[in-house]
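Laboratory data are not the source of any read-out in this text; all were calculated from the coordinates shown. Remember, it's a predicted structure, so these values are computed and weren't measured experimentally. Here Cβ is always computed from backbone atoms with ideal geometry, including for glycine, and neighbour counts include all displayed protein chains.
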Amino acid sequence: MSETPADPGMHCPAPKHVEQVTLAHGGGGRLTHSLVRDIFAKAFVNETVHDGHVEVVSARRIATTVDGYVVRPMFFPGGDIGSLAVNGTVNDLAMCGARPECLTAGFIIEEGTGFEVLRRIAESMAGAARTAGTRIVAGDTKVVERGKGDGVYITTSGFGVCEHELDIHPRSIRAGDAVILSSDVGRHGMAVMSAREGLSFESQLRTDCRSLWTGVAALIAAGVPIRCLRDLTRGGLATGVIELAAAAELEITLEESSIPVAPAVQSACELLGFDPLYVANEGCFVAVVPGDQADKTVDTLRSVDGFEQAVRIGTVTDARPGQVSLRTKLGTLRNMMMLSGEQLPRIC
């Protein structure tokens, strides 16, 4: 008598070797473990990547942050979504005056994403973490159906240690304070836009994406009494300063002639109709310090690699609480307003 064939509905063939993500990679089984082991754990060298991580903090002041990254395209001149996720998280901690201690990362991966893409992203994250002096210690992966995502989304959390007693917050800002800009503005947003639209310019636009902790650490080490720090991401310099003025309930006046904009960025903005003061950055911040500390702040930043363009760009007053004015190159005053819509979508 012949053997009764197995129920085909119960048959579960061994998965074929593939070089792209399948839905099975999100099922929590063997393929999930191989994905984490072969790509993420391998890139985050000397780290055992688990769902959780225990860190001894010795009763220190701890800063935390969480962020999500959905940039398109995922790779752009000078950076990618991986380095962006690490540096963006490190910079959020740096704006609290916190040394970045460790990070966690969650990945939402679209079915069909190539393993080589994931390797590039993971290796970029690992390199950015090493450069910033931090570690990626825990993570998670999820897979969504083809067409239900956009390649890779990354969510991060960061934990840092404040090794000082400064109260770095908008509430600390006072009339008479100086506003210091760390570097030129608008490079990240225009680099992403040029890559997205396939635009080419005489001078290649490259993102300014990097860790800001070295600049902040130098200010703290120099004893600069920092009032407030703000990294200038979505919405650019204008939005960041408007948020500070509103939170501090003071007026900030900016000097347009003092604000550095790279010629390539200025040309691209003029061609595409953007205002560089509203274009995103990922390696630029403003520091608000007492007026008599402005020169020391600028000199300290300029002594650090990457911050040679640091400059005083404005002053805090109590004339019109919550308002920001721009003294134009023509000498007129212009009120700075929040954008009513999204100028550059999906840039971080």
Q) Hey, if you put +1 on the Cβ of every Lys and Arg and -1 on every Asp and Glu Cβ in the chain, which of 226, 297, 112 ends up farthest toward the positive end of that dipole? A) 297
Q: Could you tell me which of rounded, prolate or oblate describes the stretch 106-202, using a ≥ b ≥ c as the square roots of the eigenvalues of the alpha-carbon gyration tensor, with rounded for a/c under 1.5 and, failing that, prolate when a/b is larger than b/c and oblate otherwise?
A: oblate
Q: Only Cα pairs under 8 Å and at least 6 apart count here; give the relative contact order of the chain as a rounded whole percent.
A: 21
Q.
If I take the Cα coordinates of the stretch 140-275 and project them onto the principal axes, what are the three extents in Å, biggest first?
A. 49, 43, 28
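What FRET efficiency comes out for the pair residue 171/residue 38, r = Cβ-Cβ distance, R0 = 35 Å, nearest 0.05? Intermediate values should be presented prior to the final figure.
Working: r = 48 Å, r/R0 = 1.36.
Result of the calculation: an efficiency of 0.15.
Which of the peptides 66-76, 97-107 is most tightly packed, and how do the rest follow, judged by the mean count of other Cβ atoms within 10 Å per residue? Intermediate values should be presented prior to the final figure.
Numbers: 66-76: 18.1, 97-107: 23.2.
With the highest mean Cβ count within 10 Å placed first, the list reads 97-107, 66-76.
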Q: Treat each spin label as a single point 7 Å out from the Cα along the C-beta direction, and report the residue 116 to residue 144 distance in nm.
A: 2.6
Q: Pick out, from 324, 213, 91, the residue whose Cα sits farthest towards the positive end of the charge dipole of the chain, with +1 on the Cβ of Lys and Arg and -1 on the Cβ of Asp and Glu.
A: 213
**Q.** Cα long-axis angle, helix 263-272 against the chain (0 to 90 degrees, to the nearest 10)
**A.** 70
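Run lengths n ≥ 4 of DSSP H only: what is the helix-derived mean residue ellipticity at 222 nm for the chain, with -39500 (n - 2.57) per run over all residues, to the nearest 500?
Numbers: 8 runs with 90 residues, N = 348.
It lands at -8000 deg cm²/dmol.
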Q: Work out Dmax and Rg for the chain from the C-alpha atoms and quote the Rg first, both in angstrom.
A: 23.1, 100
Q: Give the distance, in whole Å, between the Cα centre of the stretch 264-313 and the Cα centre of the stretch 197-221.
A: 10
**Q.** 3J(HN,Hα) from dihedral phi, the stretch 241-257, Karplus parametrisation 6.51/-1.76/1.60, rounded to Hz, x for glycine, proline
**A.** 6, 4, 4, 5, 4, 5, 5, 7, 6, 9, 9, 10, 10, 9, 10, 4, 5
Q: Return the long-range amide H neighbours of residue 322 (sequence gap of 5 or more, or a different chain), with a cut-off of under 5 Å between placed amide H atoms.
A: 249, 250, 251
(Q) What distance in nm separates the two pseudo spin-label positions at residue 266 and residue 19, each 7 Å out from Cα along the beta-carbon direction? (A) 4.6
**Q.** Reachable aspartates and glutamates, given that their alpha-carbon falls under 16 Å from the alpha-carbon of residue 142 and they are not under 8 places away in the same chain
**A.** 38, 51, 110, 111, 150
Q. Amide H to amide H, which residues 5 or more places from residue 22 or on other chains are under 5 Å from it, using H placed in the peptide plane?
A. 112
Q. How large is ³J(HN,Hα), in whole Hz, for each residue of the stretch 214-220 in order, when computed from phi with the Karplus curve 6.51 cos²θ - 1.76 cosθ + 1.60 and θ = phi - 60°, using x for Gly and Pro?
A. 4, x, 5, 4, 5, 5, 5
Q: Please report, in debye to the nearest 20, how large the charge dipole of the stretch 223-322 is about its Cα centre when each Lys and Arg carries +1 at its beta carbon and each Asp and Glu carries -1 there.
A: 140
**Q.** Sequence ranges 81-94, 275-288, 144-157, ranked by mean other-Cβ count within 10 angstrom, highest first
**A.** 81-94, 275-288, 144-157
